[in-house]
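The values are calculated or read from the model by the stated rules, or taken from the named source; none is laboratory data. Keep in mind that what you see is a predicted model, and the values were worked out from it rather than measured. Don't worry about glycine lacking a Cβ; one is built from the backbone with ideal geometry, like all the others, and counts go over all protein chains shown.
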Amino acid sequence: MTQPGDARVPIRTCIGCRHRHPQTRLHRCVLDASGEISVDRRAPGRGAWLCGPECVEPARRKRAFDRAWRTDVSPEAIARLGARLAELTE
Ligand SMILES: [Zn+2]
């Protein structure tokens, strides 16, 4: 197990605010084959990292999701992701 503050914890950049955090403090989002976004630390595929729901909108505005996954991500899926992150961070 890794401890908080462990220097070996990889640093990731939030695609919304571009701040860098240990990946344990970020949510890993993955796009599945149906175009739906899930928040899952272990799911296969490319991950996009976000601090929380507040970073979904800035990421959408700068098309960071499309760039992270190299495809057009549906606005509906992004909206559902925002709601999901809001639940997780309540
Ligand atoms: Zn952020």
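General observations
- Members of the stretch 52-64 found to be crowded, with 19+ Cβ neighbours inside 10 Å and touching a residue at least 24 places away in the same chain (Cβ under 8 Å), listed by number: PRO53, CYS55, VAL56, ALA59, ALA64
- One residue from ARG70, ARG41, ARG80 being modelled with pLDDT under 95 and away from the ligand (no atom under 15 Å from the Cβ): ARG41
- Pair list, Cβ under 8 Å, 6 or more apart: the stretch 65-90 residue exposed (fewer than 13 other Cβ atoms within 10 Å of the Cβ), other residue aliphatic (A, V, I, L, M): THR71/LEU31; LEU88/VAL39
- Every condition in (1) part of a loop (DSSP other than H, G, I, E, B); (2) over 16 Å from ILE15 (Cβ atoms); (3) touching a helix residue (DSSP H, G or I) at 6+ places or on another chain (Cβ under 7 Å) is met by ALA86 except one, and the failing one is (1).
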